[in-house]
1. Whole number please: convex hull volume per residue of the Cα set in the chain, in Å³?
2. Can you show me the helix-derived [θ] at 222 nm for the chain, built from DSSP H runs with n ≥ 4 at -39,500 (n - 2.57) apiece and divided by the number of residues, rounded to the nearest 500.
3. So, with a 1.4 angstrom probe, what is the percent of accessible area on the stretch 1-85 that is carbon and sulfur?
4. Could you please state how large a percent of the accessible area of the stretch 149-296 is carbon and sulfur, counting protein chains only and using a 1.4 Å probe?
5. So how many Lys-Lys pairs in the chain land under 19 Å Cα to Cα, not counting same-chain pairs under 8 apart?
6. If you roll a 1.4 Å probe over the heavy atoms of the protein chains, what accessible area per residue do you get for the stretch 42-137, in Å²?
7. Volume per residue, Å³, of the convex hull around the alpha-carbon atoms of the stretch 37-100?
8. What are the extents of the Cα atoms of the stretch 159-311 along their three principal axes, in Å, largest first?
Amino acid sequence: MSNSPFLSNCTAETIRDAAAALKAGHLVAFPTETVYGLGADARNPNAVKRIYEVKGRPSDHPLIVHISSINQLEKWASDIPEYAISLGRAFWPGPMTMILKRSDIAQDFITGGQDTVGLRVPSDPIALALIQEFEKISGSAIAAPSANRFGQVSPTSSEDVREELGTYLTSYDQILDGGSSAIGIESTIIDCTRSLPAILRSGFVTKQDIESTIGILGVDSRGESEMKFSGSFEKHYAPKCKIYLEKQMIEGAAFFAMVSIETPIGMNRIGAPITVQEFARTLYSVFRTADQRGFTSLVVDAPNGDGIAVAIRERLVKAANGR
Ligand code: TXA
Ligand code: MG
């Protein structure tokens, strides 16, 4: 197992084995550029049911279907607006999920009974290879939520997945290793069911990216709280320790901030990212480190501004309210 970022031990044979396991109805956790996913055959109700069991997630909570390319869009969705095609062309493969009106093959057990479906083409090479191989042998796609127990922090390494789900998986299930996730926070979710797109969850693809792609300003950020059966039910992203976002000194607490910000005396620095991208990439592993080292408080000085800083603050606010 590799601990170095962005490295993988996966071979073509590993990928073929994993695709075969999916076809047989087993689960495969796999790396993506955002976070690790827990995958099942999106057309197999029993396999998808196991995702909910392993995660401990309520079954009315919809899953993202991971497809191999924009060419599969019409298979899973219908009434696709022109702007969704533009967004797909611009950001797929990549960290963007579109919510669209579903086609007949996106069934209730995927969509939580809604008439919409979430679709994403990830860019991680292992994820893409797995989806392509699975599509080749089954004609299907991979349903996958983040590979954590319900309400816990999303995993950004195969070790994290093992820690989260190891005891719930069988010997027929698999965990593919792809090193540390390159982006480290979940995909941007865009509601594409109306005349204009609306952001339901912020991510690496930003409001500004979306606006410049579709040539319209004022794209709405509704936030997950308005999403039906959304992450609003889930106390997402929360570690066990309590998170504080106001500048303050808490004796003995863990402290996480950009490298330019000094560590307040009496606190324990557990990360000093140089860029906002690095802040996002390491955020969830900082949460895990704080818990592993037994801190009960984590003070975070979040980056300001637009772009991915918005997605970071969205996660932090949820994490701070989480417990
Ligand atoms: O980056 C990601 O998106 C990762 C990787 C594995 O692709 N996946 C992920 O999945 O974060 P999950 O299930 O942990 O979060 C997906 C969110 C959930 O809050 C779910 O409710 C929402 O997307 N969602 C999925 N389909 C939906 C739909 N049809 N309508 C509204 N929300 C939907
Ligand atoms: Mg999740």
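1. 120
2. After summing the helix terms and dividing by the residues of the chain, the value is -9500 deg cm²/dmol.
3. 48
4. Numbers: 3640 of 6890 Å².
In the stretch 149-296, the share of accessible area belonging to carbon and sulfur is 53 percent.
5. So the count of such lysine pairs works out to 13.
6. Value returned for the stretch 42-137: 40 Å² of accessible area per residue.
7. Numbers: hull volume 6.3 nm³, N = 64.
It comes to 99 Å³ per residue, whole-number rounded.
8. So the three principal-axis extents are 51, 46, 28 Å.
The values are calculated or read from the model by the stated rules, or taken from the named source; none is laboratory data. From a predicted model like this one, the values you see are computed outputs, not experimental measurements. When we count neighbours, we look across all protein chains shown, and the Cβ atoms used for this are built from the backbone with ideal geometry, even at glycine. Ligands, DNA and RNA are stripped out before the accessible areas are found, and what is left, the full protein with its side chains, is counted by its heavy atoms. Shrake-Rupley method; radii C 1.70, N 1.55, O 1.52, S 1.80 Å.
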